[in-house]
Amino acid sequence: MQRFVDDVSIQVESGHGGAGAVSFRRERYVPRGGPDGGDGGRGGNVVVRTRRNLKTLVHLTGGALYAAENGQPGQKRRRNGRDGKDRILEVPPGTTIRDLETGEVLADIDEHSHDIVLLTGGRGGKGNTHFKSSTHQTPRFAQPGEPGQTRRLRVELKLIADVGLVGLPNVGKSSLLQALTAAQPRIGNYPFTTRIPNLGVLRYRDQDIVLADIPGIIEGAAEGAGLGHQFLRHISRTAGLALLIDVTDPDPEHTYRTLLAELDKFDPGMRHKRRLVVATKCDLDPQTGQLRQMTAACAPEQVIGVSAATRHGLDTLVRRLAHMAAAADLAEEAAPGVEHGGRGADDE
């Protein structure tokens, strides 16, 4: 199985420009042919390109240096050197590229991004043809090519999804993702079954809703405890959050507060995302007494009881997730860049 890599450091280098040529026309019956040195070719650029079928950065871990091709030198008879080939870095949507030394964001890639030139190749030098004048008929010099640029980059992936599934380990996130989508995450009855983020697409009417299941969050995740800190950033781009709590949890209010606190410590903007609470494994609560207790503990949040095993409540949950994603899309179109509160606009 391909390992999941979401953070790599690489060095990139654009190509050097080719040198201009020093050459003179030498042909029979042309005893005093003038300069005919061609120009050097441009060095290749370093370009980042969105590739939608990529889900990880593992392909960037194989080399420390990613260099574009140098431009070729100019030639006689005014023939210019060939431009160097660009070096293309293919990345999945949701990738952020920063300068490793300054922290400057060079590119923030989404699904609609076009090719972005990170580094420009050096210009080719001019051949001696350009330096002929009335007072200097035989220039014996040409321009050297410009050097390329070098930069160390940090490439970081944040998965793009509509709704993030958040909860403690072994709360049933992967089972729910499998029940709602065609995703096949690893499922087991022990903590931290999910060690990499999983994506699934939920189809509702004419709407596609992308769900992200991240490894379980434990108290202290924002400071690096457990696996949460490594993957919390993958829900920073989501339009909404579904907080999953096991219906048999002995203290659902504490769990609910813990999840909110860890999200808030990692990124205060999380508190403004639309959200709902999902009580999982409701097949273990046939009398619904524990579900009522959780509903009271998490007030005023809406709580939806579901069971991935029996598919109880999934239709209601699907409608709520679709409404959440659609409301976020409408809000973004109406006011780009404005975040909205956890409840309110999307509540029925």
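The values are calculated or read from the model by the stated rules, or taken from the named source; none is laboratory data. Because the structure is a prediction, the values reported are computed rather than measured. Counting neighbours? That spans all protein chains shown, and the Cβs are built from the backbone with ideal geometry, glycine included.
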Go through (1) surrounded by fewer than 21 Cβ atoms within 10 Å (Cβ to Cβ); (2) closer than 30 Å to Lys132 by Cβ and name the single condition Gly38 misses. (1)
Residue identified as part of a helix (DSSP H, G or I) and either under 20 Å from Ser23 (Cβ atoms) or modelled with pLDDT of 95 or more (or both) among Thr138, Thr129: Thr129
Given the structure, is Gly38 under 19 Å from Gln149 (Cα atoms) and either part of a loop (DSSP other than H, G, I, E, B) or of a type in the set (S, T, N, Q) (or both)? no
Residue set Asp206, Asp213; condition at pLDDT 75 or above, charged (D, E, K, R), over 18 Å from the mean Cα position of the chain (by Cα) and not assigned by TED's automatic domain parsing to the domain that holds Val5; output residue Asp206
Qualifying residue in the stretch 66-81 (condition: more than 16 Å from the chain's Cα centre (by Cα) and closer than 30 Å to Ser236 by Cβ): yes
Go through the stretch 102-126 and count every residue that is of a type in the set (Val, Ile, Thr) and part of a loop (DSSP other than H, G, I, E, B). 3
Mind listing whichever residues of the stretch 133-177 are of a type in the set (Ser, Thr, Tyr) and over 27 Å from the mean Cα position of the chain (by Cα)? Ser133, Ser134, Thr135, Thr138
Among the residues of the stretch 270-314, which ones are more than 22 Å from Thr238 (Cβ to Cβ) and among the acidic types (Asp, Glu)? Asp283, Asp285
Hits in the stretch 42-70 (condition: under 19 Å from Thr150 (Cα atoms), part of a loop (DSSP other than H, G, I, E, B) and of a type outside the set (S, T, N, Q)): Arg42, Gly43, Gly44, Gly62, Gly63, Ala64, Ala68, Glu69
